[in-house]
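So the structure is just underneath, and the comments pick up after that.
Rule-based calculations on the coordinates, nothing more; no lab input. If you're wondering where the values come from, they're calculated on a predicted model, not measured in any experiment. Because the Cβ atoms are built from the backbone with ideal geometry, glycine has one as well, and the counts that use them run over all protein chains shown.
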């Protein structure tokens, strides 16, 4: 499946909260050209459990219906390892999850829709 945007965990949270940033994310989610990394699903599940939000299953169903759920395959994993090695040298608190999201986008020549400041300055980033 081809996609133009990767919606990261931060963007999904803003979307479901209905914030000002979430309204911007909506444009990308509802355009039928977006993906969500399986890693974002894991991050969101953990956040919903930690903060005791009750609607994860409904939100998961929505995310899966509106976006392509992009698996972390071998090529994405290997690219993420390279990206993580490089980005940790220049970006404080850059993490493997960030690398997987960025690798998912780069593997499809897509943009990352995020509010995460770690992505600032990257040509693939759309900061909401």
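All distinct Cα pairs of the stretch 1-55 go into the 1/r average, and the inverse of that average, the Kirkwood radius, is 11.7 Å.
Taking Cα atoms only, the orientation of helix 96-107 departs from the longest principal axis of the chain by about 90 degrees.
The angle between the Cα long axis of helix 20-29 and the longest principal axis of the Cα atoms of the chain comes to about 80 degrees, rounded to the nearest 10. Evaluated over the Cα positions of the stretch 58-123, the convex hull gives a direction-averaged projected area, one quarter of its surface, of 5.0 nm². Ranked by the mean number of other Cβ atoms within 10 Å of their residues, highest first, the peptides 66-75, 87-96 come out as 66-75, 87-96. Each principal axis of the Cα cloud of the chain was taken in turn, and the coordinate range along them, longest first, works out to 37, 31, 27 Å. Calculate how steeply helix 38-51 sits against the longest principal axis of the alpha-carbon atoms of the chain, using the helix alpha-carbon long axis, and give the answer as 0 to 90 degrees to the nearest 10. In the chain, helix 38-51 runs at an angle near 50 degrees to the longest axis.
Subtracting the Cα-Cα distance from 0.36 nm times the residue separation, let me have the gained length for residue 4 to residue 92 in nm, one decimal. Taking 0.36 nm per residue and subtracting the Cα distance, the gain is 28.9 nm. Modelled spin-label separation between residue 77 and residue 57, with each label point placed 7 Å from Cα along the Cα-to-Cβ direction: 3.0 nm.
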